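Values quoted throughout were computed directly from the atomic coordinates according to the rules given, and no laboratory measurement underlies them. Bear in mind that the values here come from a model prediction, so they are computed numbers and not experimental data. So basically every Cβ, Gly included, is an ideal-geometry build from the backbone, and we count neighbours across all protein chains shown.
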Amino acid sequence: MRSVLYVLTAMAVIGLAFWAYRENYQTQAALDRAEKLHSQIAAARARLGMLRAEWAYLNRPERLRELAVLNYEKLELMTFAPEQFGRVDQVAYPADTTLDSLPDAVEISSVRGTQ
């Protein structure tokens, strides 16, 4: 009886060692993937910072003004005038609608049917 118990214990120890070995390698692989993702995120943030700086550089008012002057005949751009802007009371807002007044309203019940 003892020999069967020893064999079962040894098998259990071997099984647990195999499981721990697999878990260790899966954990290491997950940590490597996480590290790669962190480096990709850092690179993406650096690219985003560069793109934001480039966007700010390209949208300088003096540069845009020069481009507008150079392309005036082609674009026919005009300067803004106060008369071009509307007032808030001129905006047509949609009428308030409630869920009950919608024509295709669907009733939803929180009670589940019995099966």
Coil-residue trypsin sites (Lys or Arg not before Pro) of segment 35-92, DSSP, other Cβ within 10 Å capped at 13 = Arg87
Candidates per GluC sites (Glu not before Pro) in segment 4-99, loop by DSSP, up to 14 other Cβ within 10 Å | Glu76
Once both labels are modelled 7 Å past Cα along the beta-carbon direction, what's the Asp96-Leu5 spacing in nm?
-> 8.0
Multiply the residue gap between Ile14 and Gln28 by 0.36 nm, knock off their C-alpha separation, and tell me the result in nm, one decimal place.
-> 2.9 nm
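Let me know the charge dipole size of segment 2-78 about its Cα centre in debye, to the nearest 20, where only the beta-carbon of Lys, Arg (+1) and Asp, Glu (-1) is charged.
It works out to roughly 280 debye.
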Residue among Met50, Ala12, Leu31 farthest towards the positive dipole end of segment 2-78, charges placed on Cβ | Ala12
Along the principal axes of its C-alpha atoms, what lengths does segment 2-78 span, in descending order and rounded to whole Å?
-> 100, 18, 12
